[in-house]
Amino acid sequence: MKIRMQGIVSAPKTISQSKPDRKFLWTGKITDLVELIYGLAEMSCINEGKVSIKELSAFFYDLFGVDGKDAYRLYADIKERKSDSRTYFLDQMAKSLNERIYKDEELQAKRR
């Protein structure tokens, strides 16, 4: 049995020019994201370290909806910092995570 459909015209499919709504947006400083990117690169955490900073930063910028900033220039700014530790963001991240772990351990100990 053949059914003939007449008068039905499908609209051409178009690709939306706007980016889809993102579930995750980077709300920290762009320099903090670059610190994270360089840290991951130095630890060879992605593709066994066989990825360029340019590729890695492009991926993270796209992932978090960040306007592409020159990661190399931002890294140069990080190197120019005048303190004992130049990795403010990574240092604070480690400190915050350790504090959470200690709090979780205290809560767990109280439950026993």
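Would you be able to say whether some residue in the range 62-72 is within 16 Å of M93 (Cβ to Cβ) and either open to solvent by 40 Å² or more (accessible area, probe 1.4 Å) or assigned to a helix (DSSP H, G or I) (or both)? Before you say what the answer is, go through the steps one by one.
So in the range 62-72, the residues within 16 Å of M93 (Cβ to Cβ) come out as 64.
Checking the rest, the ones that are also either open to solvent by 40 Å² or more (accessible area, probe 1.4 Å) or assigned to a helix (DSSP H, G or I) (or both) come to 64.
Yes, because at least one residue in the range 62-72 is within 16 Å of M93 (Cβ to Cβ) and either open to solvent by 40 Å² or more (accessible area, probe 1.4 Å) or assigned to a helix (DSSP H, G or I) (or both).
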### Query
So, in the range 37-61, of the ones that are part of a loop (DSSP other than H, G, I, E, B) and open to solvent by 100 Å² or more (accessible area, probe 1.4 Å), which residue ends up nearest to L25 (Cα to Cα)?
M43
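The values are calculated or read from the model by the stated rules, or taken from the named source; none is laboratory data. Since this is a predicted model, take the numbers as computed values, not measurements. We place every Cβ from the backbone using ideal geometry, glycine too, and count neighbours over all the protein chains shown. Ligands, DNA and RNA are excluded from the accessible area calculation, which covers all protein heavy atoms including side chains. Shrake-Rupley method; radii C 1.70, N 1.55, O 1.52, S 1.80 Å.
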